[in-house]
1. Just want the ordering: M96, M56, from fewest to most Cβ atoms lying within 10 Å of their own Cβ.
2. Choose one answer from G84, G51, G34: the residue with the largest mean-square fluctuation in a GNM of the chain with alpha-carbon springs under 10 Å.
3. Report relative contact order for the range 2-97 in percent, whole number only (criteria: Cα-Cα under 8 Å, sequence separation at least 6).
4. Ignoring everything except DSSP H segments at least 4 long, calculate the 222 nm mean residue ellipticity for the chain; use -39,500 (n - 2.57) per segment, divide by total residues, nearest 500.
5. With the chain treated as a Gaussian network of Cα nodes joined by springs under 10 Å, which of L75, L39, L20 yields the largest mean-square fluctuation?
6. Viscosity 1.306 mPa s, temperature 10 °C: Stokes-Einstein D of the chain from its Kirkwood Cα radius, in µm² per second?
7. Between 0 and 90 degrees, rounded to the nearest ten: what's the tilt of helix 2-23 against the longest Cα principal axis of the chain?
8. Compute the long axis of helix 37-55 from its Cα atoms, compare it with the longest principal axis of the Cα atoms of the chain, and write down the angle in degrees, 0 to 90, nearest 10.
Amino acid sequence: MLSLVATAWAAAMVVFGLTLLTRAPSGWLQSTFGLPTALWNLLGLASIACGQFVFMFMVADRICPRAGRLPMIWLTELAIAFAGLTCLAATGIIIMTGFVL
């Protein structure tokens, strides 16, 4: 049951991230909230990375528990988590400082 909920949660995060990446440059989000396109792209990348991490951590590790012990899989999970957190941190820094890309 947890795997089904986590799969839906991860899929929703990835679809939302893809929506931010594809629709933000067209202007409907930019005109609504007044944030630059680069911020929406960073938030989209963060959402995609977080969705991938949720799927790998909550679903794939439960379906294939031995694969999670391999160093390459563990490094992949860390890299995706780092990418998502980096995008979120960059978004926060840009918003707080008012820096425009």
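1. Neighbour counts put them in this order, fewest first: M96, M56.
2. Largest GNM mean-square fluctuation: G34.
3. 34 percent
4. -25000 deg cm²/dmol
5. Looking only at L75, L39, L20, the largest GNM fluctuation is found for L75.
6. Details: Rh = 14.5 Å.
Rounded to a whole number, D works out at 109 µm²/s.
7. Helix 2-23 sits roughly 30 degrees off the main axis of the chain.
8. Here the helix axis deviates by roughly 10 degrees.
Coordinate-derived values only; no laboratory data. Because the structure is a prediction, the values reported are computed rather than measured. For neighbour counting, all protein chains shown are included, and Cβ atoms are generated from backbone atoms with ideal geometry for every residue, glycine included.
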